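Colleague: The structure is given below, and queries will be raised subsequently.
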Amino acid sequence: MSATTHEPAAAEQVRTILLGYLQCRAAAQWPGSDGITLDDILRSYPQAAAVGRVPDLPQLRRRFPDLADALARWFADHAAIPRDDR
């Protein structure tokens, strides 16, 4: 079994973990009917981590060592995305 076989599952686990932390901290900010997508919400994770609202990458890597590489990739992919602060 190749390493790439596990990547989609790991990516989905990362999304689920990050969303869970965001939901615990800011559930009232995410009304479901206003067009906000899961990806929109997850893109706010690095900013929330930067101000200490949710675990940052080092904390997540310690808590989920089996997903350390997938978490690092996710943060690398999303840290540079400009935010649309409406």
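Colleague: Which of the residues that make up the stretch 44-65 are farther than 11 Å from Ile17 by Cβ and touching a residue at least 24 places away in the same chain (Cβ under 8 Å)?
Modeller: If the condition is that a residue be farther than 11 Å from Ile17 by Cβ and touching a residue at least 24 places away in the same chain (Cβ under 8 Å), then Ser44, Pro46, Gln47, Ala48, Arg53 are the ones that fit.
Colleague: Something else: For Leu67, indicate whether it is touching a Phe, Trp or Tyr at 6+ places or on another chain (Cβ under 8 Å) and modelled with pLDDT of 90 or more.
Modeller: Taking the combined requirement at face value, the residue does not satisfy it.
Colleague: Does Asp34 count as surrounded by fewer than 17 Cβ atoms within 10 Å (Cβ to Cβ), at pLDDT below 90, of a type in the set (Asp, Glu) and not in a loop (DSSP other than H, G, I, E, B)?
Modeller: Spelling it out, it is not the case that Asp34 is surrounded by fewer than 17 Cβ atoms within 10 Å (Cβ to Cβ), at pLDDT below 90, of a type in the set (Asp, Glu) and not in a loop (DSSP other than H, G, I, E, B).
Colleague: It is to be established whether one or more residues within the stretch 73-81 are over 10 Å from the mean Cα position of the chain (by Cα), modelled with pLDDT of 90 or more and surrounded by fewer than 14 Cβ atoms within 10 Å (Cβ to Cβ).
Modeller: Yes, the stretch 73-81 contains a residue that is over 10 Å from the mean Cα position of the chain (by Cα), modelled with pLDDT of 90 or more and surrounded by fewer than 14 Cβ atoms within 10 Å (Cβ to Cβ).
Colleague: Modelled with pLDDT under 90, in contact with a helix residue (DSSP H, G or I) (Cβ under 7 Å, 6 or more places away or on another chain) and under 13 Å from Gln13 (Cα atoms) - does that describe any residue in the stretch 39-59?
Modeller: Yes, because at least one residue in the stretch 39-59 is modelled with pLDDT under 90, in contact with a helix residue (DSSP H, G or I) (Cβ under 7 Å, 6 or more places away or on another chain) and under 13 Å from Gln13 (Cα atoms).
The values are calculated or read from the model by the stated rules, or taken from the named source; none is laboratory data. Here the structure is a predicted model, which means the values were calculated and not measured. In this analysis, Cβ positions are derived from the backbone assuming ideal geometry, glycine residues included, and neighbour counts consider all displayed protein chains.
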